[in-house]
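The values are calculated or read from the model by the stated rules, or taken from the named source; none is laboratory data. Quantities reported herein were computed from a predicted structural model and do not represent experimental measurements. Here Cβ is always computed from backbone atoms with ideal geometry, including for glycine, and neighbour counts include all displayed protein chains. The protein model used for the area step is the full one, side chains on, heavy atoms only, and it has no ligands, DNA or RNA in it. Shrake-Rupley method; radii C 1.70, N 1.55, O 1.52, S 1.80 Å.
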Amino acid sequence: MTVQENSGKPGIIDCDVHPIPKSLDQIRQYMPKFWRDRFRGGGRGLFYGNPFHGMRQDAIPPDGGPAGSDPNFVRKQLIEEYNIKKAILIPRENSCQFPDLDFGNAIASAYNEWIADTWIGPDNPDGVFKSSIVINHSDPIAAAKEIDRWAGHKHIVQVTTDSGARFLMGHRNFHPIFEACCRHNLPLAIHPGLDGIGINILPSPGNPSHYIEWHTCMSLSFMAHLVSLLTEGTFERYPDLRIVLVEGSSTWIVPLMWRLDMEYKALRYEIPWVKKRPSEYLRDHVRLTTQPLERPDNDEDFLHMLRMMDAEHLLMFSSDYPHWDFDNPKAAFPKLPEKLYNRIFFENAEQFYRLD
Amino acid sequence: MGKHKIGTTSEIQPGQRKIVFLEGLSIGVFNVNGRFYAMKNVCPHQQAPLCKVTGTTLPSKPGEFLYGREGEIIRCPWHGWEFDLTDGRSIFDPHKCWVKTYDVEVEKAEEPPRAETFPVEVVEEHIFVHIHR
């Protein structure tokens, strides 16, 4: 059954779906022997993980493999179930936390080859899956080469990397990556997960003791990166650069931009390359995905928040399937006015990713 | 609403559950240490199917872990919200968040009709039927 036959309503776009390899061997086969023998997977590893389940417990495919590893089961449990017309895949290769940059680069390359050979290759006859080039941002020159390598693929819509980093995203260290993104007109999606892991710096002045703390405070990374991108004049230097903040939630952006705009009025002198209020760069250059939706008890408060954050232009729906904090598109939001619903659930993503 | 027979007690042993579909609703029927409970199989958060049973950590002092309520707590397989199986109340906010529960009655099964039978003894291939009244 195709998405269009499923219902009379237009299909939605899911901006964060995670394809999982069936096994590490599936990735190893794309690595040169030296790295193949060393690669053991892992990201946050033993440090910060959901103590009960990292994936939805009902997402194990009936034909075997871990949750999120079977494209056809994803079609059944996600695409058809929720009338999704395009799913933007964000593979999580976990490469930027390694001190050995060559190792990180090898992992990123192998994941890109795997995705091209599977989810956006023979497993994508209906074209429902679009994907992201993974890069090891700890080696920006190598990352730029990886972007150049894959940018022409017809199902690639963006580049993705982790918010865990040694530098704030506005730092000139990342310029080769931004140049490559602009060369190919590909947005850069920043997704959390390796904050404070390996060589990456924590967004908090100390290690959170519990997963709940670490998970809650992931938004701190995004706040810091966004302020950096805006005040370093990244969007003046690279007018074609577009950034997506994925899985960092969104409501924090309201008081943050109030504060940054306030500071700008006083301190513009220090950053004269920022030629307008920082918040005025968001519509042209920044998007946020919705999951995990920070929904308060009072729906009216939440609708006010959506208005204050310019959700009509900035927000794009995401589910984070198959992770445990998956947002059900039919249940995560309170009832929205139709125009706003359409913007968040498909129009903003269609325009941003040029999917039509 | 009506009364529905959903099975026999031998089908659901302590710690087990059966999911049934009654009057358009998916309902989980649980055997908790010999007592039966029924709960709507839909999480009030985002409508996930509630299906796992476990115990949980009880409210405690900082740094202290007290484990209990084994078999009495449902944990949603998506976001992990916990609900008390015996009354449907959420653990994190029992006053404002709960799952609908249903009354469960256990009734003795009727004896199926049988023909009257009598003991039989075989001696040297002659068959005797003993009639005791």
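Assorted remarks:
- Some residue of segment A:327-342 being under 16 Å from the mean Cα position of the chain (by Cα) and on the phi < 0 side of the Ramachandran plot: yes
- A:GLY54 under 23 Å from A:ALA165 (Cβ atoms) and at pLDDT below 85: no
- Strands (runs of 3 or more DSSP E) lying entirely in segment B:1-59 (those with 3 or more residues that are modelled with pLDDT under 85): B:52-58
- Selected residue (only one of B:GLU111, B:GLU107, B:GLU70, B:GLU82 is in contact (Cβ under 8 Å) with a residue 24 or more places away in the chain and of a type in the set (D, E, K, R)): B:GLU82
- Sole exception among (1) within 14 Å of chain B (Cβ to nearest Cβ); (2) out of contact with any Pro (no Cβ under 9 Å at 6 or more places or on another chain); (3) under 30 Å from B:THR57 (Cα atoms) for A:ILE60, by number: (2)
- Answer residue from segment A:328-356, given it is in contact with a strand residue (DSSP E or B) (Cβ under 9 Å, 6 or more places away or on another chain) and part of a loop (DSSP other than H, G, I, E, B) and is nearest to A:HIS53 (Cα to Cα) among those: A:PRO329
- In segment A:153-167, the residues that are acidic (Asp, Glu) reach residues that are in a strand (DSSP E or B) with C-beta atoms within less than 7 angstrom, at least six apart or across chains, in these pairs: A:ASP162/A:HIS191.
- Applying the criterion of being assigned to a loop (DSSP other than H, G, I, E, B) and over 20 Å from the mean Cα position of the chain (by Cα) to the residues of segment A:264-294, the residue that is farthest from the other protein chains (Cβ to nearest Cβ) is A:PRO272.
- Residue tally, condition more than 12 Å from chain A (Cβ to nearest Cβ), within 23 Å of B:GLN13 (Cβ to Cβ), open to solvent by 10 Å² or more (accessible area, probe 1.4 Å) and not in a loop (DSSP other than H, G, I, E, B), over segment B:71-99: 3
- B:LYS18 in contact (Cβ under 8 Å) with a residue 40 or more places away in the chain and away from every other protein chain (no Cβ under 14 Å): no
- If you go through segment A:219-263 and keep only what is part of a helix (DSSP H, G or I), touching a residue at least 24 places away in the same chain (Cβ under 8 Å) and more than 19 Å from A:PHE167 (Cα to Cα), you end up with A:GLU236, A:ILE253, A:VAL254, A:LEU256, A:MET257, A:LEU260.
Residue by residue, here is whether (1) hydroxyl-bearing (Ser, Thr, Tyr); (2) open to solvent by 50 Å² or more (accessible area, probe 1.4 Å); (3) within 30 Å of A:ASN185 (Cβ to Cβ) holds:
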position	(1), (2), (3)
A:LEU306	no, no, yes
A:ALA311	no, no, yes
A:MET316	no, no, yes
A:HIS323	no, no, yes
A:ASP327	no, no, yes
A:LYS335	no, yes, no
A:PHE345	no, no, yes
A:ALA349	no, no, yes
A:ARG354	no, yes, yes
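- Inclusion of B:VAL32 among residues that are in contact with a Pro (Cβ under 9 Å, 6 or more places away or on another chain), of a type in the set (A, V, I, L, M) and more than 14 Å from every other protein chain (Cβ to nearest Cβ) is warranted.
- Look at segment A:323-335: where a residue is at the interface with chain B (Cβ under 7 Å from one of its Cβ atoms) and a partner is aromatic (Phe, Trp, Tyr), sitting 6+ places away or on another chain with Cβ atoms under 7 Å, you get A:TRP324/B:TRP78; A:PHE326/B:TRP78.
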